1. Going through Ala358, Ala392, Ala362 one at a time, which residue ends up being among the small types (Gly, Ala, Ser) and either within 20 Å of the chain's Cα centre (by Cα) or assigned to a loop (DSSP other than H, G, I, E, B) (or both)?
2. Does Leu295 count as surrounded by 20 or more Cβ atoms within 10 Å (Cβ to Cβ), more than 20 Å from Pro356 (Cα to Cα), under 16 Å from the mean Cα position of the chain (by Cα) and hydrophobic (A, V, I, L, M, F, W, C)?
3. Identify, please: which residue in the range 178-213 is farther than 25 Å from Arg290 by Cβ and assigned to a loop (DSSP other than H, G, I, E, B) and is, among those, modelled with the lowest pLDDT?
4. Can you pull out every residue in the range 249-276 that is assigned to a helix (DSSP H, G or I) and without any contact (Cβ under 8 Å) to a residue 60 or more places away in the chain?
5. Looking at the range 228-240, which of its residues are under 16 Å from Ser320 (Cβ atoms) and part of a strand (DSSP E or B)?
6. Of Ala298, Ala312, which residue is at pLDDT 95 or above and among the aliphatic types (A, V, I, L, M)?
7. Just to check your reading of the model, which residue among Ala86, Ala145, Ala96, Ala128 is at negative phi and free of Cβ contacts under 8 Å to residues at least 12 places away in the same chain?
8. Scan Val342, Val294 and give me the residue that is of a type outside the set (Ser, Thr, Tyr), within 20 Å of Leu177 (Cα to Cα) and in a helix (DSSP H, G or I).
Amino acid sequence: MNLAVVCPHFAPDFAPTGAVITRIVEELASRGHRIHVLTSLPWYREHRIEPGFEGKWVRREDAPWGTITRLHPFPTRDKTNLFKRALAFGGFSTLAAAVGARCGPIDGVLAMSPPLTLGLSGYAVAKAHKAPLVFNVQDVYPDVAVELGALTNRAVIRGAYRLERLCYDLADAVTVLSDDLKANVAEKIGGSRRIHVIPNFVDTAWIKPGPKENSYRRDHGLEGKTVVMYAGNVGLSQSLHLVIAAAGALAGRTDVVFVVNGGGAARASLEQAARGLTNIRFVDPQPEKRLPEVLSAADLHLVPLKAGLARASVPSKTYSILAAGRPLLASVDEQSEVARVVERAGAGVAVPPDDPEAFIGALKRVLAAQAELQHMGERGRKFVESWASPAAVALAYEELFGSLSGAG
């Protein structure tokens, strides 16, 4: 098949969804499919176009498996300015629709959200080529923005929900990452017939257990410490105030160090809140190739999501942590996918969201049982190995497109 993939990020853009879709494309290509990728110029790391990619609004690259067309994302560094972000999404999505309509031939289109506007881009490309559209939902928007309080204007919220419903209606199939997200979307469209659960994979050949005492620890003065780490976007979705509270509660333990590895809109305020604490380190985002080493450097990883968000979002870092053979402490909604994964894998502990007392209590308990920490990590690794692989995810998409083409 000739497939078009419309996505916000693609290698070398260092973003979690970029890593996911890049590997899916590579796996589909290995199965003999030709892929046309429509994506942004790399910009995620600093929220500005990376050096070497400036100067053109549209750049086309040939790949062994097809083509990559990179488009100007109109980036804004102020993630709290929703008007500017909406204009950026709109400009990028319009470019994607216009360019995608002219490429071909196309037998199927996979469009990734967020941003929601790429659902319309995907539809335009699919319509131009009379091909089926699969709308891949990584996070359910606008639910996430509403839960965070980023969207408060009722008229804007109504408009966003109409856009969300329109994207579902225009798609021939909708894919989500978990049963939670499937139930969320099914309630909005009045049924689950067109909704398919295809989880994000974890590359267990690349991310695997490694020694804790590695060069990452040496670079940041962490040798011999018990490292409690949050690695990922330091943004509005995460309850990172819990990390500050925990660092304060364990300030008397010289053997424990908290690490926040990442950047984002909330980092400056988080660093301000951590002033005076000597047991917390802030580390800038690392090159993607260093991810296995970063994950291995921790004794315990943290996955703190604000209340309500675990039902609309499944952080891909969860599976990477398990693949690295490290346990995790999750602060998430009860009965959410993350909580269920932690329980099924026996790879950590889940506590209710935004509850400092429960979070700190659980942290102290797990740190007091070092041998159990190791066992949790081993169980998590076994769980991931038996559950998800890049090849399995690519096969699921191949079969889905095959069924849609047959239905057409």
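1. Details: Ala358 fails: either within 20 Å of the chain's Cα centre (by Cα) or assigned to a loop (DSSP other than H, G, I, E, B) (or both); Ala362 fails: either within 20 Å of the chain's Cα centre (by Cα) or assigned to a loop (DSSP other than H, G, I, E, B) (or both).
Of Ala358, Ala392, Ala362, the one residue that is among the small types (Gly, Ala, Ser) and either within 20 Å of the chain's Cα centre (by Cα) or assigned to a loop (DSSP other than H, G, I, E, B) (or both) is Ala392.
2. Values: surrounded by 20 or more Cβ atoms within 10 Å (Cβ to Cβ): yes; more than 20 Å from Pro356 (Cα to Cα): yes; under 16 Å from the mean Cα position of the chain (by Cα): yes; hydrophobic (A, V, I, L, M, F, W, C): yes.
Taking the combined requirement at face value, the residue satisfies it.
3. Restricting attention to the range 178-213, the residues satisfying the condition of being farther than 25 Å from Arg290 by Cβ are 178-198.
Restricting the remaining residues to those that are assigned to a loop (DSSP other than H, G, I, E, B) gives 178, 190-194, 198.
Details: Ser178: 83, Gly190: 89, Gly191: 89, Ser192: 88, Arg193: 88, Arg194: 94, Ile198: 90.
Filtering the range 178-213 for residues that are farther than 25 Å from Arg290 by Cβ and assigned to a loop (DSSP other than H, G, I, E, B), the one modelled with the lowest pLDDT comes out as Ser178.
4. Keep residues of the range 249-276 that are assigned to a helix (DSSP H, G or I), which gives 249, 267-273.
Of everything in the range 249-276, those that are assigned to a helix (DSSP H, G or I) and without any contact (Cβ under 8 Å) to a residue 60 or more places away in the chain turn out to be Arg267, Ala268, Ser269, Leu270, Glu271, Gln272, Ala273.
5. Quick first cut of the range 228-240, residues under 16 Å from Ser320 (Cβ atoms) only: 229-233, 238.
Within the range 228-240, Met229, Tyr230, Ala231, Gln238 meet the criteria.
6. On the way: Ala312 fails: at pLDDT 95 or above.
Sole residue among the options that is at pLDDT 95 or above and among the aliphatic types (A, V, I, L, M): Ala298.
7. On the way: Ala145 fails: free of Cβ contacts under 8 Å to residues at least 12 places away in the same chain; Ala96 fails: free of Cβ contacts under 8 Å to residues at least 12 places away in the same chain; Ala128 fails: free of Cβ contacts under 8 Å to residues at least 12 places away in the same chain.
Checking each option against the conditions leaves just Ala86.
8. Working: Val294 fails: within 20 Å of Leu177 (Cα to Cα).
The conditions single out Val342.
The values are calculated or read from the model by the stated rules, or taken from the named source; none is laboratory data. Being a predicted model, the structure only gives us computed values, none of them experimental. We place every Cβ from the backbone using ideal geometry, glycine too, and count neighbours over all the protein chains shown.
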